[in-house]
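This report refers to the structure that appears directly beneath it.
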Amino acid sequence: MTIIVTGGAGFIGGNYIHYHLKEHPEDRVVCVDKLTYAGNLSTLKPVADHPNFRFCKLDICDRDGIFALFEEEKPDAVINFAAESHVDRSIEDPGIFLQTNIIGTAVMMDAVRKFGNVRFHQVSTDEVYGDLPLDRPDLFFTESTPIHTSSPYSSSKAGADLLAMAYYRTYGLPVTVSRCSNNYGPYQFPEKLIPLMIANCLNNKPLPVYGEGKNVRDWLYVEDHCKAIDLIVRKGRIGETYNVGGHNEMANIDIVKLIIRALGKSEDLITYVTDRKGHDLRYAIDPAKIHSELGWLPETKFADGIQRTIRWYLENRGWWEEIVSGEYRNYYEKMYGNR
Ligand code: NAD
Ligand code: TDX
């Protein structure tokens, strides 16, 4: 089969392409990516010469370009990872989030509609459910938890989810949606918590913890997310949403301290900074549906996954040092300079 993977030069899409070509080398994988600040061709270097891989620099909002690609490639499936993905950036400037995350998703689904017979999977997030209180560890997000977003980012992702289900109901599009918790692993852009803390630790720079560091996230190793998506695309029920998460909740401050210990640094590097506006308190996924229907279970324990991730950042300094020394420096100064 031929599969179009959008956002494949980013963190999860890139890991997905590596995973897919390893597991299904007979499939043709066409990566569509605009190469925004978050897209890195070096992430795709390991598969660049694979005979069944093609990279296409294209914006998912470019209707003519996307339709022409569908005409040429005649895909059997589309997995839509492409998005603006960083909550802090969405608070600074929501516009591009609405454009890529909502309009771009609609363009991809219009192409699926026009060409027919194409499976469409929308990669969404647990953030569409809003947050849970810190003092109710008995509460989890299920697929029937109401959408209740907090940030421009999560609102744009929720908009895309609603559109996907509307295209299913109205046009009968073969759509599925997955809502995953926080991912970690190789190739994650160093603006996100775990790689930012690893990079700053290695550079002996302050570690900016928002608020008191008590917010809780539910961490999943990226390859486990990739496996879940592959399963849903092949065996998931059309028109359904699947939550993906591994019951691995941790407070931010505990993650930061763990990274400090692993790298042999001092907790003096921790700097508490002004909290994120509208900061969600706790995310926690109930993955019972994907487990009972598709047999999915996370395979990587956090203790192993985080060591593997830290080792990857140590062994691949070139990949992230190039990022933190470029345009990203202006972003960092703007976001953290006077915080
Ligand atoms: P990322 O920011 O690392 O990568 C996004 C990729 O999309 C980049 O390569 C970028 O160049 C590309 N892109 C952006 N706008 C585009 C456009 N208009 N056209 C084509 N390509 C475009 O993001 P990520 O962390 O890998 O997240 C991937 C998807 O997974 C997103 O949809 C995100 O909402 C979702 N998600 C992420 C997490 C997480 O923890 N990172 C968790 C759950 C869901
Ligand atoms: O410098 C920081 N200091 C800090 O305390 C950063 C960047 C983050 N944080 C906190 C904020 C969050 O509570 O760490 C937590 C994780 O932050 P992010 O890495 O920005 O992730 P989050 O906001 O939880 O969103 C992520 O998971 C869901 C992804 O970026 C989204 O794309 C995904 O949908």
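The values are calculated or read from the model by the stated rules, or taken from the named source; none is laboratory data. Since we're looking at a predicted model, the values are computed, not measured. When we count neighbours, we look across all protein chains shown, and the Cβ atoms used for this are built from the backbone with ideal geometry, even at glycine. Surface accessibility is based on the protein's heavy atoms, side chains included, excluding ligands, DNA and RNA. Shrake-Rupley method; radii C 1.70, N 1.55, O 1.52, S 1.80 Å.
Considering E127, E143, which residue is open to solvent by 10 Å² or more (accessible area, probe 1.4 Å), more than 9 Å from ligand 2 (Cβ to nearest atom) and among the acidic types (D, E)?
E143
Inside segment 22-47, can you point out the residues that are in a helix (DSSP H, G or I), touching a residue at least 24 places away in the same chain (Cβ under 8 Å) and open to solvent by 10 Å² or more (accessible area, probe 1.4 Å)?
Listed by number, the residues that qualify are E23, L41, S42, P46, V47.
I'm trying to understand the selection: among the residues of segment 156-171, which are aromatic (F, W, Y) and within 13 Å of ligand 2 (Cβ to nearest atom)?
Listed by number, the list is empty, since nothing qualifies.
From (1) of a type in the set (G, A, S); (2) closer than 30 Å to K214 by Cβ; (3) in contact (Cβ under 8 Å) with a residue 40 or more places away in the chain, pick out the condition that doesn't hold for S144.
Of (1) of a type in the set (G, A, S); (2) closer than 30 Å to K214 by Cβ; (3) in contact (Cβ under 8 Å) with a residue 40 or more places away in the chain, only one is false for S144: (3).
Considering only segment 125-184, state which residues are among the acidic types (D, E), in contact with an Asp or Glu (Cβ under 9 Å, 6 or more places away or on another chain) and over 22 Å from G239 (Cα atoms).
D131
Under 8 Å between Cβ atoms, at least 6 apart or on separate chains: pull out the pairs that start in segment 188-214 with a residue that is touching a residue at least 12 places away in the same chain (Cβ under 8 Å) and end on any residue that is among the acidic types (D, E) and near ligand 2 (Cβ under 9 Å from one of its atoms).
Qualifying pairs under 8 Å: E191/D88; Y210/D275; G211/D275.
Considering only segment 153-207, state which residues are within 30 Å of R317 (Cβ to Cβ) and away from ligand 1 (no atom under 12 Å from the Cβ).
The answer is L196, M197, I198, A199, N200, C201, L202, N203, N204, K205, P206, L207.
Of everything in segment 287-300 that's in contact with a helix residue (DSSP H, G or I) (Cβ under 7 Å, 6 or more places away or on another chain) and surrounded by 14 or more Cβ atoms within 10 Å (Cβ to Cβ), which residue is farthest from S181 (Cα to Cα)?
L294
What do you reckon, is N15 in contact with a His (Cβ under 9 Å, 6 or more places away or on another chain) and either within 16 Å of ligand 2 (Cβ to nearest atom) or modelled with pLDDT under 95 (or both)?
In short, yes.
Quick check on segment 50-95: of everything there that is charged (D, E, K, R) and within 11 Å of ligand 1 (Cβ to nearest atom), which residue is least open to solvent (accessible area, probe 1.4 Å)?
So, considering only residues that are charged (D, E, K, R) and within 11 Å of ligand 1 (Cβ to nearest atom), the one least open to solvent (accessible area, probe 1.4 Å) is E84.
Among the residues of segment 98-106, is any farther than 26 Å from G246 by Cβ, open to solvent by 50 Å² or more (accessible area, probe 1.4 Å) and among the β-branched types (V, I, T)?
Checked segment 98-106: at least one residue is farther than 26 Å from G246 by Cβ, open to solvent by 50 Å² or more (accessible area, probe 1.4 Å) and among the β-branched types (V, I, T).
Residue-wise test of (1) of a type in the set (G, A, S); (2) touching a helix residue (DSSP H, G or I) at 6+ places or on another chain (Cβ under 9 Å); (3) under 24 Å from P190 (Cβ atoms); (4) in contact (Cβ under 8 Å) with a residue 12 or more places away in the chain.
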position: T100; (1), (2), (3), (4): no, yes, yes, yes
position: I103; (1), (2), (3), (4): no, no, no, yes
position: A106; (1), (2), (3), (4): yes, yes, no, yes
position: D110; (1), (2), (3), (4): no, yes, no, yes
position: V118; (1), (2), (3), (4): no, yes, no, yes
